[in-house]
Amino acid sequence: MIEILFSLLWLTPVFLGIGYVFRKFSFSETVSGYILHGILCVIFLWAIIAFFAPLNIWVEMATLLFGLFFFFKDKLYLKLYKLSFPKPFYFIFLSLLAIVGGSFAPFILDHFGYYVPTIEWIKAEGWPKGVANLEWVLGQMSFWHLLQAGFSNFSDIFLRLNTLFLIYFLLYAFEKRKYVLLLFTPISLLFLQSPSPDLAVILFSLILVNEVWEGNKNYQALFTLSVFIFVIKPTMIWTPIFLFLYLLKERKISFKYWLVGAGIGILFLVKNSVVSGYPLFPTSMVRLSFPWTAEVANLEISSRFALMKAYDMVYSYEFLLKQNVFQKALLWLTLPGIKGFLNVFFVISWLIFIVFCIKKKSKIYFILGISLFVKTIFVLIFSAQYRFFIDVLVVFYSLFFWNVGKKVFLNWAFAGFLAIIGCLSVPKMLQKAIPSFRLSGYMQGFAAKQWLCPSHYEYKKYKNLKLGNVNFHVVLDYPYIFDVPIPAVSVYNLEEYLEKNYIPQYLDVKNKSGFYPKKITAEEKDLLRREIEKYKGKSSP
């Protein structure tokens, strides 16, 4: 907890200083607005740097010094000192509970197989060419992981920036006196232990909706924010659609409103092209003929996995392919456990929202509904996992309770934070209450060491395997690659190379960077078969 508090005290002036320098493009002229804008400015700057250099400690130090310089030059400490709003006790207490929540051990499985490996690659190489050849999941690199990677050299070595972000969101809600924004903050505590981009996009989308509802006229900043949300997590496609339709409604069609947002969108497409060869990765709708372009087979793996995950891995891929649309819908709604319940709840919530919009008779509600509907169809087509619908539900129920009195939300947040901390501290309580919530089985409970630094895992069991010009680090006795030195692979990856008849090889052998798919030779096939058999007895399935 002390380490997270240090990061908060250290990085807040940095974000505030950078956000204030570029305040012309900020979506809110408040302390929290400048801080959150500073985060986006750092992401934008590092997204460019990552094309040319790794986000190592030198990049971090330069950014820290830049932010601190303007923090003191413009006397922004006075803004923090003079900061005031109603109910400061609630803000302080909720912030302290957020720090407690962020100190627990990670339990989201993507932390080990996706988030941490992605961050390690960005620290080592920036945007690595063709990294999707190594593991297709790595090709999804999020812009949010830029922030986590850059500050993990010194300021946030345990990857708990999500905790800081939640505190900045709380500050925004209190400064704006918009306490309905606290409605879903208790659930946010489940996203603090890992560098998950889900928390960022959900809370940023709430900020976006709030700014539109408040009549914010800084259209350029709003559209830029909407595109940032999308590039952090592409399943949030509804945010730029919403702002696009909103600007059309306001008759703001000048290119100046779209310029920065369009530039960020282009960066996203170029990033995808660099790491995978597909601008719209993980889809294969556009394929560029670069030496490092990933095999289409990689994306087939992604599609297969996405379909099975939509049904909680209950049904096989072959079985699902045989079902028609109505049969798939029925299977999706009748999944066992909490997943099926959430799917039904989502459909019911949509019906309620449609009635709600009809009663409101407002163009803004109408265009928001269209935007969320497009996102819903998009997700249903690609992978109807309940976690991709969380942002839709958050927006729905925030709007339903938009005008409820502030005391309700303050007390709700207070009680909700305590309840979630209790679940994290005694996970068996959650396991008994919701047996089908599998993530509770990975929660470790409270540990005394959390008072000093967040709980974390160290594994680092691996063996070297030379394949062509790459010396791979193969994880032993574990299916994930979270703390193995790069280039790290699992036994599952080796099996995929053998099945798809290729191995990833360095583009630049001298600098050991970038990967292209090379057709496997007979000797390499034999070597892979022997090694897989050898590792299979030692690795978790």
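Computed quantities for the displayed model
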quantity: Pairs, first under 11 Å from A221 (Cα atoms) in region 23-34, second of a type in the set (G, A, S) and part of a helix (DSSP H, G or I), C-beta under 7 Å, six or more apart; calculated: F25/A221; S26/G19; S26/G33; S26/A221; F27/G33; F27/A221
quantity: Count of residues meeting criterion [part of a loop (DSSP other than H, G, I, E, B) and either surrounded by fewer than 23 Cβ atoms within 10 Å (Cβ to Cβ) or in contact with a strand residue (DSSP E or B) (Cβ under 6 Å, 6 or more places away or on another chain) (or both)] in region 166-210; calculated: 5
quantity: Residue identified as under 26 Å from the mean Cα position of the chain (by Cα) and modelled with pLDDT of 90 or more among I352, I370; calculated: I370
quantity: Among (1) under 30 Å from W213 (Cα atoms); (2) touching a Phe, Trp or Tyr at 6+ places or on another chain (Cβ under 7 Å); (3) of a type in the set (S, T, Y) - the single one S302 does not satisfy; calculated: (1)
quantity: Flag for G265 being touching an Asp or Glu at 6+ places or on another chain (Cβ under 9 Å) and free of Cβ contacts under 8 Å to residues at least 40 places away in the same chain; calculated: no
quantity: Those residues of region 298-332 which are under 25 Å from the mean Cα position of the chain (by Cα) and of a type in the set (G, A, S), in sequence order; calculated: S302, S303, A306, A310
quantity: Qualifying strands (runs of 3 or more DSSP E) (wholly inside region 429-541; at least 1 residues being on the phi < 0 side of the Ramachandran plot, buried (at least 17 other Cβ atoms within 10 Å of the Cβ) and under 25 Å from the mean Cα position of the chain (by Cα)); calculated: 470-475, 513-519
quantity: Sole residue being over 30 Å from M141 (Cβ atoms), out of contact with any helix residue (DSSP H, G or I) (no Cβ under 8 Å at 6 or more places or on another chain) and aromatic (F, W, Y), chosen from F353, F341, F305; calculated: F341
quantity: Test for L164: is it modelled with pLDDT of 95 or more and in contact with a Phe, Trp or Tyr (Cβ under 8 Å, 6 or more places away or on another chain); calculated: no
quantity: Of all residues making up region 215-230, the number that are at pLDDT below 95 and over 18 Å from R23 (Cβ atoms); calculated: 1
quantity: Criterion: under 30 Å from Y497 (Cβ atoms), part of a loop (DSSP other than H, G, I, E, B), at pLDDT below 95 and out of contact with any Pro (no Cβ under 6 Å at 6 or more places or on another chain) - qualifying residue of F112, F154, F107; calculated: F107
quantity: Qualifying residues in region 503-519 (those that are out of contact with any Gly (no Cβ under 7 Å at 6 or more places or on another chain) and at pLDDT below 90) - the one farthest from V275 (Cα to Cα); calculated: K510
quantity: Search result, residues across region 101-110 that are in contact with a Phe, Trp or Tyr (Cβ under 9 Å, 6 or more places away or on another chain) and surrounded by fewer than 22 Cβ atoms within 10 Å (Cβ to Cβ); calculated: A105, F107, I108, L109
quantity: Qualifying position, being charged (D, E, K, R) and in contact with a Leu (Cβ under 6 Å, 6 or more places away or on another chain), among K466, K500, K512, K461; calculated: K461
quantity: Filter result (in contact with a helix residue (DSSP H, G or I) (Cβ under 6 Å, 6 or more places away or on another chain) and more than 12 Å from W350 (Cα to Cα)) within region 383-393; calculated: S383, A384, Q385, Y386, F388, D391
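The values are calculated or read from the model by the stated rules, or taken from the named source; none is laboratory data. Just so it is clear, the structure is predicted and the values come from calculations on it, not from any experiment. Cβ coordinates were reconstructed from backbone atoms using ideal geometry, including for glycine residues, and neighbour counts include every protein chain displayed.
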